[in-house]
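In what follows, a single structure is set out as structure tokens and then discussed.
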Amino acid sequence: MANIGIIGAGISGLSVAARLTGLGHHCTVFEKSRGLGGRLARRKLPWGQLDIGAPFLTPTLEETHDRLAHFCRAGILSRGRLQRARLVSGTLYEAPAIKAYWANHSNNEICHALAETVKVIRQRRIAAIAASANGIIHLSDDQGGSCGDFDAVILSAPAPQTLALLPETSTLRGQDFPEMQPGWTVTLQFEEALGLFNHQQVIDFTADEPLVRGVDLATLRQGEPLHCYQFQLSAPFSQLCRNGNEAQTVEAVMAALARHSALPPLANATVQPWNLCRLEKPGPALNILDSAHNLVLCGDWTAGDSGIDAALTSAERAVDAVTRLLERQRELPPPLYSP
Ligand SMILES: Cc1cc2nc3c(=O)[nH]c(=O)nc-3n(C[C@H](O)[C@H](O)[C@H](O)COP(=O)(O)OP(=O)(O)OC[C@H]3O[C@@H](n4cnc5c(N)ncnc54)[C@H](O)[C@@H]3O)c2cc1C
């Protein structure tokens, strides 16, 4: 069985690791952060624990529903419809509900369930991939430390981070890597409920707003801090926030909200700078297999989109590609002569 290195413990990297472990391979996942989950991460704050990335998942593919059903049966996810409104010129209009899955306790539980059978090494940022003539790939971290030798390596980091890691001679470099936009989130806790939400769980803002979407987190799951709302910022607004500090970002979000609603006193605020949040626009799926270097790409963007459909599709494509790669490695070279 093969020894496989996986870069990134987001849902796609962990899914591919869990599947390959189930097929009998030995997988090691390297994650640069302290926690698992990538864009599904949870953060411990002085005022509570929060999911700071996707507040819920919105699959449309039947295969994704089938895969998420497993987490529903395990009591990790719930499935349903979220009440939604659109805010147009200061007026709220009812909008079709969102069909979604959301974590009963935390997105982290999805990632921990996937990581149960897999070796994950956290706080280890892979900085270099060196392929040798015998097909073995050596990984090292940003401190110059060795992370081991592997028969195949799967890269599941966002597009620019993956591009930075690919060897200069990799054929995968010859294709157009998609641009990824920033999409910061600001989570605000007020001392009372925010009137703007009324009976809505999700509010979508119009395109000219600095805010894209607001989500009433406490209606999604029990145990979430009360009167706590996540606001997703538009890409241009997120870009602007990169020049300011956290207090200025919170102030700008409060000012945007105050244009639409009276605001109760603010109790707590947290800014999460997602600089590589989603693709600028959906595009074609990428070629993911470099059989000369035994490298495979994974991650939602490799399937041409952002979101759970693309993330899980990318994991399936990566499992197929690695399986083909290992089969090819096992094939004996043709005999030089027959006696
Ligand atoms: C605010 C927000 C809202 C969203 N809303 C929705 C939604 O409504 N519906 C939906 O379906 N999806 C939504 N998503 C998208 C969804 O979260 C992603 O599609 C999915 O989590 C991507 O998973 P991934 O594993 O492909 O990538 P990631 O989660 O980005 O995982 C990549 C991992 O690689 C690690 N890494 C990077 N470089 C290195 C390195 N050199 N060494 C080691 N580790 C490295 C990163 O730390 C990260 O953990 C949202 C995301 C965000 C942020």
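The values are calculated or read from the model by the stated rules, or taken from the named source; none is laboratory data. As the structure is a computational prediction, the values presented were derived from the model and not from experiment. When we count neighbours, we look across all protein chains shown, and the Cβ atoms used for this are built from the backbone with ideal geometry, even at glycine.
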For this session: Report, by residue number, each residue of region 159-204 that is within 16 Å of the ligand (Cβ to nearest atom), part of a loop (DSSP other than H, G, I, E, B) and not aromatic (Phe, Trp, Tyr).
Result: Leu166, Pro167, Ser170, Pro178, Glu179, Pro182, Gly183, Gln200, Gln201
Exercise. Within the set of pairs 6+ apart or on separate chains, which have a first residue in region 39-53 that is on the phi > 0 side of the Ramachandran plot, a second that is assigned to a loop (DSSP other than H, G, I, E, B), and C-beta atoms under 7 Å apart?
Worked result: Gly48/Pro225
Problem set entry | Unmet requirement for Gln83, which otherwise passes all of (1) polar (S, T, N, Q); (2) on the phi < 0 side of the Ramachandran plot; (3) at pLDDT below 95 | (3)
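Is it true that some residue in region 221-236 is within 14 Å of the ligand (Cβ to nearest atom), out of contact with any Ser or Thr (no Cβ under 9 Å at 6 or more places or on another chain), at pLDDT 95 or above and part of a helix (DSSP H, G or I)?
Filtering region 221-236 for residues within 14 Å of the ligand (Cβ to nearest atom) gives 229-235.
Applying the additional criterion that residues be out of contact with any Ser or Thr (no Cβ under 9 Å at 6 or more places or on another chain) yields 234-235.
Now drop any that are not at pLDDT 95 or above, which leaves 234-235.
The next check asks that each one be part of a helix (DSSP H, G or I); those that pass are 235.
Yes: one or more hits.
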Exercise. Within the bounds of region 81-103, is there any residue that is within 12 Å of the ligand (Cβ to nearest atom), surrounded by fewer than 20 Cβ atoms within 10 Å (Cβ to Cβ) and hydroxyl-bearing (Ser, Thr, Tyr)?
Worked result: no
Problem set entry | Candidates Leu240, Leu263 - the one that is over 20 Å from Leu45 (Cβ atoms), in a loop (DSSP other than H, G, I, E, B) and assigned by TED's automatic domain parsing to the domain that holds Leu82 | Leu263
Problem set entry | Filter pass, Ala207 being more than 16 Å from the ligand (Cβ to nearest atom), surrounded by fewer than 21 Cβ atoms within 10 Å (Cβ to Cβ) and closer than 17 Å to Phe56 by Cβ | no
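Taking Arg73, is it farther than 25 Å from Pro160 by Cα, of a type outside the set (S, T, N, Q) and not assigned by TED's automatic domain parsing to the domain that holds Tyr229? Walk me through it before giving the result.
Values: farther than 25 Å from Pro160 by Cα: yes; of a type outside the set (S, T, N, Q): yes; not assigned by TED's automatic domain parsing to the domain that holds Tyr229: no.
Here the answer is no, as Arg73 does not meet what is asked.
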Exercise. Which members of region 26-52 meet the condition of being crowded, with 19+ Cβ neighbours inside 10 Å and either part of a loop (DSSP other than H, G, I, E, B) or among the aromatic types (Phe, Trp, Tyr) (or both)?
Worked result: Phe30, Glu31, Leu36, Ala41, Ile52
Problem set entry | Enumeration of residues in region 273-325 that are of a type in the set (Asp, Glu), touching a helix residue (DSSP H, G or I) at 6+ places or on another chain (Cβ under 6 Å) and within 11 Å of the ligand (Cβ to nearest atom) | Asp300, Asp309
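Among what's in region 10-58 and is of a type in the set (A, V, I, L, M), out of contact with any helix residue (DSSP H, G or I) (no Cβ under 7 Å at 6 or more places or on another chain) and at pLDDT 95 or above, pick the residue that is nearest to the ligand (Cβ to nearest atom).
Per the criteria, the residue is Ala17.
Could you say whether any residue in region 229-244 is loosely packed, with under 14 Cβ neighbours inside 10 Å and among the basic types (Lys, Arg)?
Start the filter on region 229-244 by keeping residues that are loosely packed, with under 14 Cβ neighbours inside 10 Å, which leaves 236, 242-244.
Next cut, among the basic types (Lys, Arg) only: 242.
For region 229-244, residues loosely packed, with under 14 Cβ neighbours inside 10 Å and among the basic types (Lys, Arg): present.
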Exercise. Can Ala18 be described as more than 15 Å from the chain's Cα centre (by Cα), surrounded by 19 or more Cβ atoms within 10 Å (Cβ to Cβ) and among the hydrophobic types (A, V, I, L, M, F, W, C)?
Worked result: yes
